[in-house]
1. What residue among Trp63, His244, Met182 has its Cα farthest toward the positive end of the dipole of the chain, where the charges are +1 on Lys, Arg and -1 on Asp, Glu, each on the Cβ?
2. Please compute the length gained on full extension between Arg80 and Glu239, using 0.36 nm multiplied by the number of residues separating them and subtracting their Cα-Cα distance.
3. Which value in Å does the Kirkwood hydrodynamic radius of segment 95-236 take, with 1/r averaged over all unlike C-alpha pairs and then inverted?
4. Average the reciprocal distances over every distinct pair of alpha-carbons in segment 176-258, invert the result, and give the Kirkwood radius in Å.
5. Are there any trypsin sites (Lys or Arg not before Pro) in segment 60-169 that are in a DSSP loop and have at most 10 other Cβ atoms within 10 Å? List them by number.
6. Using the Kirkwood radius over Cα pairs, work out the Stokes-Einstein diffusion coefficient for segment 2-256 at 20 °C and 1.002 mPa s, in µm²/s as a whole number.
7. Charges at C-beta only: +1 for Lys and Arg, -1 for Asp and Glu. How large is the resulting dipole of segment 2-256 about its Cα centre, in Debye rounded to 20?
8. Taking 7 Å along the Cα-to-C-beta vector as the label spot, tell me the Asp213-Ala49 distance in nanometres, rounded to one decimal.
Amino acid sequence: MLKVATWNINGLVRRLPLLLEWLRDAQPHVVALQETKVTDDAFPAQALADAGYASLCVGQKTWNGVALLSRAGDPVVVRRALPGDAADHQARYLEAAIAGVLYCCLYAPNGNPRPGPKFDDKIAWHERLTAHAAGLIDGGLPVVLLGDFNVVPTDFDRYCSRSYDDNALVQPESRAAHDRLMDQGWIDALRSRHPDEPMYTFWDYLRNRWPRDAGLRIDHVLLSPGLAHRLRDAQVDREVRGQHGASDHAPVWVRMTER
């Protein structure tokens, strides 16, 4: 059984001990990380190797940053940026082949405040993602698209409050962009296994939202159609969010059969 996870770590160096503890306990085979906030030369590759994980990263000082970790075979890099905009130098996308599956780790723009250029950039980035993902679907290869999409797909995926009504994560334009991606045939692993539960993945540090379970579902694992029959389970490791010094996101993982 293959266990694949995504986690917005919100500062890899600061939370490395938490990551290493979670890797030891959860034993995922492949992990996508977002918001590593560390340059490539400062990425803790040796500490991860000592824990049994080969790694690839696309880093950026202070902001952004994505990485793929694997104990299922060495990751072979395919892309280190989302195509479609040569002027985009933010570290938000990494694509690599691992043991016959293509993994696409992404950290989509937040888009706040809106309206404004940040929201426009968010929608444009999602359109580029959709265009690239269409080619991946058409290629027929097994693909896992995973990370922090910074989109709450429906009102069911947010706690009941008006405090997020003006937030970029829940806007009709953001959801429409995500819907266009999903219309290609991607399987939302977490929602497919838990159709009747909110399954939050993010709880803001503000307004006591973690103790109140005032969460959002913005971290997703999407499977290409050819992987649908292999999906066996999907969960959120909620307890990780409650640890001292935790990220404001919890790890999301899926289990799939090897074939």
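1. Toward the positive end, the furthest listed residue is His244.
2. Working: separation 159, 0.36 × 159 = 57.24 nm, distance 3.16 nm.
Gain in length upon complete extension: 54.1 nm.
3. Working: mean 1/r = 0.0633 Å⁻¹.
It works out to 15.8 Å.
4. Working: mean 1/r = 0.0720 Å⁻¹.
13.9 Å is the Kirkwood radius here.
5. Values: sites: Lys61, Arg71, Arg79, Arg80, Arg92, Lys118, Lys122, Arg128, Arg158, Arg162; in loops: Lys61, Arg71, Arg80, Arg92, Arg162.
The qualifying sites are Arg162.
6. Numbers: Rh = 18.1 Å.
My calculation gives 118 µm²/s for D.
7. Working: 29 positive and 32 negative charges, 70 e Å.
That gives segment 2-256 a dipole magnitude of about 340 debye.
8. 4.4 nm
Coordinate-derived values only; no laboratory data. Here the structure is a predicted model, which is why all the values come from computation and not from measurement. Neighbour counts run over all protein chains shown; Cβ positions are idealised from the backbone, glycine included.
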